[in-house]
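Below is one structure; the comments refer to it alone.
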Amino acid sequence: MMRTVTAAAAGALVLGPRAALPLQQHPLCLAQRGQTSAASASPEPSSCGEAPRLWLFKSEPRDYSLEDLAREGVTCWDGVRNYQARNYIRSMQPGELGFFYHSSCPSPGIVGVVSVASQAYPDPADCGEETTWSALDLE
């Protein structure tokens, strides 16, 4: 199963064909900072000076869909075989949010929001002598 993870763009989040919203004003970012609207948002991304990190989890729906995750509740996000993506996985913290993206389907795009449920751990699908790859749990 091929799975992908990338960092969300830091500039603007495209919501539709004509709409874009600065990432700091997106409802998910505001919720992470305990704010309810863009009007209450401070000009700084957060009180500690760092923007909340959002992730993009990409999967083909025929392999693993958002509906599968909803049914299971928690899943092991494994099988990522890209060094940069592995480094992203290792840097993720429980509670961080991500977008679940369906690719290679009639209507590709973001279909939901997920939360990182664990720290990274050795990928159980990695059968090499040395643990090269990492996995984590999503809910």
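Just so you know, all these numbers are worked out from the coordinates, no wet-lab data involved. Predicted model only: the values in this text are computed from it and were never measured. All Cβ positions, glycine included, derive from the backbone under ideal geometry; neighbour counts span all protein chains shown.
Things to note:
- With each label modelled as a point 7 angstrom along the Cα→C-beta vector, the Glu130-Gln93 pair spans 2.9 nm.
- Three-way shape call for the stretch 77-139 based on the alpha-carbon gyration tensor, with the a/c threshold at 1.5: oblate
- Here the stretch 61-119 is assigned +1 on the Cβ of each Lys and Arg and -1 on the Cβ of each Asp and Glu. Its dipole about the Cα centre then comes out at about 220 debye.
- Along the axis of the charge dipole computed for the stretch 48-139 (Cβ charges of +1 for Lys and Arg, -1 for Asp and Glu, origin at the Cα centre), the listed residues Val74, Tyr121, Ile110 are led at the positive end by Ile110.
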